[in-house]
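To keep things clear, I will list the structure first and then write my remarks on it.
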Amino acid sequence: IKDCMRGRIYPEEGKVQLGGIKEFAEKLKNIDRIIIVACGTSWHAGLVGEYLIEEYARIPVEVEYASEFRYRNPIITEKDVVIAISQSGETADTMAAIEMAKERGATIFGICNVAGASIPRLTHAGVYTHAGPEIGVASTKAFTAQVTVLTLMAFYMAQQKGTITTSKLIELLTELDNIPDKIQIALESNDLIKEVAEKIKDSTNCLFLGRGSGFPVALEGALKLKEISYIHAEGYPAAEMKHGPIALIDEEMPVVFIATQNSSYEKVISNIQEVKARKGKVIAIVTQGDTEVKKMADYCIEIPDANEAFLPLIATIPLQLLSYHIAVMRGCNVDQPRNLAKSVTV
Ligand code: F1P
């Protein structure tokens, strides 16, 4: 995160500088919509981007799976900006989606980790994440880096459009600057997370639920568990539980909640009650010092308090660790999961 922010944020001045897209600053003031295209974990980062850009820059955002978007006949015009996100910069579906949007006149920004990869060469402009190479196949630090860059882009656009006051920006950038320290604190729960992993490692299914910016975190938690431990997992918006997944809940079903003290806290608490009433096992990611969720959940993993905008950066870490420990306990190769490739080039 520090590498992503270096030289790009000036908290005391309330300023974000993004060289890669600077020449489009004027255009950003008048765009009608942004379409984010990506696959896998990068798509989840895109959902966080949607939350942040709509909240702060007030630009409508659509987030599309590149693998689906490329085969549709979507309406794209010269007024659209497409943000393509990819860790490897080589994902074939994302490249095809970019080519199509470009042919239809859209301006394409890239968010990539690997300099010199194919996607940055296809885009009009972009921002590198500077996360360094991922060792394992499953995206982890790339996700954190992508979300950081999307956060900077959302604030940059808000600054260009004048939808944020300087004092608010100073407040947010100051907090963003402190996020690496908060993540360090979140990592201190590693032993507890290992204990939780031990309790649920033999499950055959797992549900992840969150609201607001906690929803993409739930999706990412579920994807990591599937990818590296081969346990079937689903991420859902917590409010959707009653529209289907609730039928799955019994004493065999671990349910991981993003239950931090943000705008949807009270509503998440009632979702936890619904799960407990059906004897589901609740594992909750909570804000440090929480007492309400602790009364109900089987296990609580604390993270430091943060603005909802920064929740995905912190709350994803314990979920990555949970998947990691479960995978190791099940004897899975966490770096080279079966059937998965680092860059999906076909
Ligand atoms: C997309 C992705 C990764 C996933 C796996 C397969 O890659 O779905 O999110 O972890 O490695 O590919 P990318 O476009 O972000 O490189």
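The values are calculated or read from the model by the stated rules, or taken from the named source; none is laboratory data. All figures in this text were calculated on a predicted structure; none of them were measured in a lab. Cβ coordinates were reconstructed from backbone atoms using ideal geometry, including for glycine residues, and neighbour counts include every protein chain displayed.
Quick notes on this structure:
- Qualifying position, being free of Cβ contacts under 8 Å to residues at least 40 places away in the same chain and within 24 Å of Ile231 (Cα to Cα), among Ile272, Ile326, Ile283: Ile272
The rows are residues; the columns are (1) touching a residue at least 40 places away in the same chain (Cβ under 8 Å); (2) loosely packed, with under 14 Cβ neighbours inside 10 Å.
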{"residue": "Glu23", "(1), (2)": "yes, yes"}
{"residue": "Leu47", "(1), (2)": "yes, no"}
{"residue": "Glu50", "(1), (2)": "no, no"}
{"residue": "Pro60", "(1), (2)": "no, yes"}
{"residue": "Tyr71", "(1), (2)": "no, yes"}
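- Any hit, the range 94-109, residues being under 23 Å from the mean Cα position of the chain (by Cα), acidic (Asp, Glu) and farther than 22 Å from Ile164 by Cα: no
- Matching entry among Lys199, Lys242 (being touching a residue at least 40 places away in the same chain (Cβ under 8 Å), surrounded by fewer than 18 Cβ atoms within 10 Å (Cβ to Cβ) and away from the ligand (no atom under 16 Å from the Cβ)): Lys199
- Condition met for Leu28 (within 21 Å of the chain's Cα centre (by Cα) and assigned to a helix (DSSP H, G or I)): no
Matching residues to (1) in contact with a Leu (Cβ under 6 Å, 6 or more places away or on another chain); (2) acidic (Asp, Glu); (3) away from the ligand (no atom under 16 Å from the Cβ):
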position: Ala259; (1), (2), (3): no, no, yes
position: Glu266; (1), (2), (3): no, yes, yes
position: Thr291; (1), (2), (3): no, no, yes
position: Lys295; (1), (2), (3): no, no, yes
position: Glu308; (1), (2), (3): no, yes, yes
position: Pro318; (1), (2), (3): no, no, yes
position: Tyr324; (1), (2), (3): no, no, no
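- Residue pairs whose Cβ atoms lie under 7 Å apart, separated by 6 or more positions or on different chains, with the first residue in the range 334-346 and modelled with pLDDT of 85 or more and the second more than 7 Å from the ligand (Cβ to nearest atom), are Val334/Gly136; Val334/Ile228; Val334/Tyr324; Val334/Ala327; Val334/Val328; Asp335/Ile135; Asp335/Gly136; Pro337/Ile228.
- Yes/no for Leu322 being out of contact with any Lys or Arg (no Cβ under 7 Å at 6 or more places or on another chain), over 18 Å from Tyr236 (Cβ atoms) and not in a strand (DSSP E or B): no
- Under the condition of being charged (D, E, K, R) and either under 21 Å from Val328 (Cα atoms) or touching a residue at least 60 places away in the same chain (Cβ under 8 Å) (or both), the residues counted in the range 118-143 number 2.
- Selected residue [on the phi < 0 side of the Ramachandran plot and modelled with pLDDT of 95 or more] from Ile21, Ile83: Ile83
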